[in-house]
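Below: the structure, in structure tokens.
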Ligand code: ADP
Ligand code: ZN
Ligand code: ZN
């Protein structure tokens with residue numbers, strides 16, 4: 001009888017969630033496919049990891065020291081080789097935990113160890129008439145309308161998932177009888193070759209669009225910046241480039257900003273292509289996300305449209321990547337793994353040797369620089385596609401205007417005129433809430449957050465003062481704590497107050513508000529969008545949510561209510577953002593038949609920012625900023641990282657950064673600024689400091705920063721810190 005335990009002979013490196021700078025070694029009794037998930041022991045727990053490489057080998061790692069894998073969860077690779085490589089690069093490049101890229105690549109249910117098979121299901125698919133129908137044509141049944149609208153949003157679904165959402169079998173059957181959907185039973189795990197067959201014919205391209213498309217088709221490996229004014233038909237160029245990609249049997253990945261991925265966007269792709277389109281966005285349940293992800297990775301979807309994290313979706317035979325509104329801030333993740341999805345997409349396209357199109361009316365300075373120096377192909381669409389003229393842009397000098405809560409007489413009159421003509425008006429105001437402060441008229445006291453270095457914003461809804469940085473709320477004080485005056489009230493105007501004021505001024509016109517409160521979920525956002533489709537005049541009021549590539553066909557006047565704070569922000573990118581925002585918001589005007597008008601209220605009408613913007617010359621504006629960046633060695637002429645540190649004890653946070661600054665300077669490869677207090681120097685009770693690290697060479701920046709994680713644990717003595725590579729803001 002032998003009681004000898006046999007040591008499993010195969011060694012495998014597994015990426016494990018946690019603060020590790022590399023994979024951990026395990027052993028197993030049979031070979032493990034790279035890219036398969038494994039359940040492995042870690043301390044006393046058992047965690048799901050991803051097998052990423054063979055090894056570890058050598059005398060330092062005797063096999064008896066390696067713990068055996070508990071279970072291999074996937075018989076084959078779940079993440080293909082290209083995604084494994086990209087995920088490993090992510091952790092290295094952004095100097096984050098080794099496993100973070102791998103975990104980002106997996107939907108939540110797979111991260112938790114759930115099954116990766118599409119079950120045998122009844123699949124519901126829209127028919128050709130089902131794709132085309134407008135939901136409200138289904139007159140008598142609200143449920144059927146919702147069902148069609150939902151399917152047009154998520155394309156295919158299973159009967160089970162629809163039943164879970166409260167739809168009945170009977171409602172499905174009625175739609176089958178109307179020939180709007182089909183239901184098929186199959187275990188859908190076979191790939192489906194893309195065909196590029198169209199439901200509706202493509203538009204005939206204008207000359208500029210044709211030149212752009214030809215350029216993409218001619219140089220299959222290059223990145224392109226498609227710089228086209230708002231409404232110039234960029235999407236049509238994407239669609240035709242994708243069509244060609246599908247005809248070659250390849251698949252396409254389209255990234256859009258979070259808020260831009262509306263049912264209208266998805267429908268625009270679905271109504272063009274017969275091939276399967278799946279969407280990946282924050283409105284999906286975990287089960288829907290898993291299903292969409294599996295359809296993509298099994299090769300059933302021909303086109304994946306998704307937001308930031310979709311950049312890591314496995315897609316066999318990927319032939320083209322599109323990043324729409326490439327300048328958009330939502331591509332940069334602002335916590336944990338702080339990646340920039342546009343840059344990851346560029347890396348993915350480069351490694352795969354495929355074209356990538358970055359489209360926007362307002363390129364980021366980085367992309368513009370790359371295009372102007374020949375690293376990207378530069379494609380220009382200078383005219384609006386339908387021949388509509390760009391709107392006229394004028395400033396209103398607020399120093400010379402009577403105004404009511406910041407709404408000038410001049411703007412008010414123009415609003416009234418446009419509404420009287422039956423048009424829609426869009427008013428932009430970058431402050432949510434009722435009023436940005438709660439203020440004593442006698443002594444100037446303002447209500448501040450007790451946990452942050454910030455004023456509280458007054459919200460009429462729920463009647464409370466709320467901190468927009470930590471969420472703290474309190475009841476508004478009726479009298480001043482400093483001088484005991486009872487002349488305390490809301491000061492300034494936020495979107496909530498603007499809505500109230502406009503409702504009083506134009507009682508017969510609907511006021512539709514877009515901000516993080518009125519459109520807090522995707523569902524609410526879409527509901528507000530639908531209200532803008534109703535006939536008749538309307539006022540749309542909101543924050544930068546309005547600037548995200550959405551078409552408001554009937555808007556003829558755009559009013560910029562308040563922009564001045566953006567002129568003076570200390571952040572590096574504030575002016576770039578502001579120029580983009582103004583151009584994008586202005587571009588919402590006059591997209592339909594009628595020429596638009598844009599009026600910008602400001603106390604600083606002579607600010608140079610307005611000159612090029614009035615002439616629709618974003619390029620000159622951006623090139624001026626680029627020249628400034630070059631003088632100061634800032635991106636894209638140098639490389640930047642920010643190290644942020646926070647602690648309940650200011651001295652500890654500052655001291656930690658001081659140590660790091662010493663170390664970094666000793667490498668003699670980087671310049672270091674700081675420690676300095678962050679723009680918001682205290683948030684949620686923690687003091688915040690930062691170091692700005694700069695270098696002319698990317699490799700120097702990385703070489704200097706990489707060892708920091710070995711020297712300084714991420715959380716220690718109530719101090720936590722992180723590195724932000726290519727930061728979106730220096731705050
Ligand atoms: P962008 O993405 O640049 O903002 P879109 O692609 O949404 O612009 O196009 C704006 C409008 O112009 C849409 O209504 C679109 O259908 C129309 N359009 C685009 N290209 C053409 C074309 N070649 N001929 C006619 N209309 C076009
Ligand atoms: Zn007072
Ligand atoms: Zn606060």
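The values are calculated or read from the model by the stated rules, or taken from the named source; none is laboratory data. In this text the structure is predicted, and so the values were computed from the model without any measurement. Note that we place each Cβ from the backbone using ideal geometry, even for glycine, and neighbour counts take in every protein chain shown.
Numbers at a glance
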read-out	value
One residue from 51, 87 being in a strand (DSSP E or B), at pLDDT 95 or above and surrounded by 20 or more Cβ atoms within 10 Å (Cβ to Cβ)	51
Residues that are closer than 12 Å to residue 380 by Cβ and not in a loop (DSSP other than H, G, I, E, B), drawn from the range 212-241	212, 215, 224, 225, 226, 227, 228, 234, 237
From 601, 659, residue being in contact with a helix residue (DSSP H, G or I) (Cβ under 8 Å, 6 or more places away or on another chain) and either touching a residue at least 24 places away in the same chain (Cβ under 8 Å) or crowded, with 19+ Cβ neighbours inside 10 Å (or both)	601
Boolean, residue 498 is within 16 Å of ligand 2 (Cβ to nearest atom), buried (at least 18 other Cβ atoms within 10 Å of the Cβ), under 22 Å from residue 466 (Cβ atoms) and at pLDDT 90 or above	no
Hey, residue 686 farther than 21 Å from residue 94 by Cβ and surrounded by fewer than 18 Cβ atoms within 10 Å (Cβ to Cβ) or not	no
Looking only at the range 453-463, and only at residues there that are closer than 21 Å to residue 487 by Cα and within 13 Å of ligand 3 (Cβ to nearest atom), the one that is surrounded by the fewest Cβ atoms within 10 Å (Cβ to Cβ)	455
Every residue from the range 547-581 that is part of a helix (DSSP H, G or I) and surrounded by fewer than 24 Cβ atoms within 10 Å (Cβ to Cβ)	564, 565, 566, 567, 568, 574, 575, 576, 577, 578, 579, 581
Condition check for residue 729: away from ligand 2 (no atom under 16 Å from the Cβ), part of a loop (DSSP other than H, G, I, E, B) and either without any contact (Cβ under 8 Å) to a residue 40 or more places away in the chain or touching a strand residue (DSSP E or B) at 6+ places or on another chain (Cβ under 9 Å) (or both)	yes
Residue satisfying all of: in the range 202-211; assigned to a helix (DSSP H, G or I) and under 21 Å from residue 273 (Cα atoms); nearest to the chain's Cα centre (by Cα) among these	209
Within the range 285-386, strands (runs of 3 or more DSSP E) holding 3 or more residues that are in contact (Cβ under 8 Å) with a residue 12 or more places away in the chain and buried (at least 20 other Cβ atoms within 10 Å of the Cβ)	303-306, 318-324, 356-360
Count - residues of the range 242-255 that are over 22 Å from the mean Cα position of the chain (by Cα) and assigned to a helix (DSSP H, G or I)	5
Residue 584 assigned to a helix (DSSP H, G or I) and surrounded by 19 or more Cβ atoms within 10 Å (Cβ to Cβ)	yes
Residues of the range 432-452 satisfying the condition of being touching a helix residue (DSSP H, G or I) at 6+ places or on another chain (Cβ under 8 Å) and more than 16 Å from ligand 3 (Cβ to nearest atom)	434, 435
Condition met for residue 701 (surrounded by 13 or more Cβ atoms within 10 Å (Cβ to Cβ), under 27 Å from the mean Cα position of the chain (by Cα) and either free of Cβ contacts under 8 Å to residues at least 12 places away in the same chain or closer than 21 Å to residue 334 by Cβ (or both))	yes
Filter pass, residue 399 being more than 30 Å from residue 87 (Cβ to Cβ), at pLDDT 95 or above and over 27 Å from the mean Cα position of the chain (by Cα)	no
Set 178, 139: member being farther than 28 Å from residue 522 by Cα and either over 31 Å from the mean Cα position of the chain (by Cα) or within 15 Å of ligand 1 (Cβ to nearest atom) (or both)	178
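Yes/no matrix, rows are residues, columns are (1) closer than 30 Å to residue 608 by Cα; (2) modelled with pLDDT of 95 or more; (3) away from ligand 1 (no atom under 16 Å from the Cβ):
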{"residue": "624", "(1), (2), (3)": "yes, no, yes"}
{"residue": "641", "(1), (2), (3)": "yes, yes, yes"}
{"residue": "645", "(1), (2), (3)": "no, yes, yes"}
{"residue": "677", "(1), (2), (3)": "yes, no, yes"}
{"residue": "682", "(1), (2), (3)": "no, no, yes"}
{"residue": "707", "(1), (2), (3)": "no, no, yes"}
{"residue": "710", "(1), (2), (3)": "no, no, yes"}
